[in-house]
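Remarks on the structure that follows.
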Amino acid sequence: MNSAHRRSSTASDSDSGFTLLEILVAIFIFALVITMVFGSFRAVFSSADAVGGDVAIFETARTCLGRMATDLGALVVSDYPRYIKPEFNHPQDPYRLVGDTTDVGGSSFGRLQFASRAHLRLNRDPRQGVCRIVYYAHQRSDGSLVLRRADDLYPFPDFEESADDPILCDTLLALEFGYIGNEEEMRDRWDSESADTDYATPRSVEIRLTVGTPSRPKTFTTRVPLHVYRKAVE
């Protein structure tokens, strides 16, 4: 009687328990599920970081292009009959518009100089008036590239790059300007004091700005019509 009872109890305990193999399989499945769950979380957080970075880049580019459009919208040019075509040893027009390129860090970047009424008063300087604005790419000491905006009131000093010039945009990767004249042909250079442009100013300026990182570059393009311009010499 006692022996039969013991056999029945032992069999019941064996049927209700787990073997070592079953426990190991359960632990493996649990670890697999946890790995998948945390992997999904990492993917979500990585995507959120990327989206947040893109939002910051879009906002930076929007502010930069908006500032440039405002500056060009207040363009100042010398028009006829006040404007005199330059002759030999004749002083250049202080309100000339010059678009060229410059080498920065081994790459070519657009540079634009023009006169404008959109002077920004800095360092509590109360003066106002026509200023000369220059957009140019600048390499900082850490090797990063930024877009700076030089702003000098008339009479304009000789232009020199300066680390004190405000930064319009950091994480700069590329900067190009396109100039459209009366014939709707786009040029990558312009000089309103040159016979190549018939001493005229462009009718509009296209800006192509690339910012971000080399692995995630973002390019933004806008075209700014110039409401003030000088026609070609006839």
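Throughout, read-outs are computed from the coordinates displayed, never taken from laboratory work. Since the model is a prediction, treat every value here as computed from it, not as a measurement. Here the Cβ is made from the backbone with ideal geometry for all residues, glycine too, and neighbour counts use every protein chain on show.
Loop by DSSP (not H, G, I, E, B), at most 14 other beta-carbon atoms within 10 Å: where is the longest site-free stretch of the chain for chymotrypsin sites (Phe, Trp or Tyr not before Pro)? Kindly include the intermediate steps, with their values, before the conclusion.
On the way: sites that count: Phe18, Phe88, Phe159.
Maximal segment without exposed cleavage sites: 160-234.
How would the chain be classified by its alpha-carbon gyration tensor: rounded, prolate or oblate, with rounded meaning a/c under 1.5 and the a/b versus b/c comparison settling the rest?
Note, shape of the chain comes out prolate.
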Using θ = phi - 60° and the Karplus form 6.51 cos²θ - 1.76 cosθ + 1.60, what ³J(HN,Hα) does each residue of segment 124-135 get, whole Hz, x for Gly and Pro?
6, 6, x, 5, 9, x, 6, 10, 9, 10, 10, 9
Mind telling me which of Ser204, Ser116, Ser107 comes out most flexible in a GNM of the chain, alpha-carbon contacts under 10 Å?
Ser107
Return one number: the angle in degrees, 0 to 90 and rounded to the nearest 10, between the long axis of the Cα atoms of helix 2-16 and the longest principal axis of the Cα atoms of the chain.
10
Computed over the chain: relative contact order in percent, which uses C-alpha pairs under 8 Å that are six or more apart
16
A correct Karplus calculation of ³J(HN,Hα) over segment 55-71, with 6.51 cos²θ - 1.76 cosθ + 1.60, θ = phi - 60°, whole Hz and x for Gly and Pro, returns 4, 5, 5, 4, 5, 4, 5, 4, 5, 5, 5, x, 5, 5, 5, 5, 4
Checking segment 100-183 for GluC sites (Glu not before Pro) in a loop per DSSP with at most 16 other beta-carbon atoms within 10 Å yields Glu160, Glu161, Glu183
Are there trypsin sites (Lys or Arg not before Pro) in segment 86-173 that DSSP puts in a loop and that have at most 16 other Cβ atoms within 10 Å, and which ones?
Arg117, Arg121, Arg124, Arg127, Arg140
Assuming a ≥ b ≥ c are the square roots of the Cα gyration tensor eigenvalues, decide whether segment 90-203 counts as rounded (a/c under 1.5), prolate (otherwise, with a/b larger than b/c) or oblate.
oblate
Pull the list of the chain cysteines that no other Cys approaches to under 4.7 Å, Cβ to Cβ.
Cys131
For the chain, what is the charge dipole size about the Cα centre, in debye to the nearest 20, if Lys and Arg each add +1 at the Cβ and Asp and Glu each add -1 at the Cβ?
800
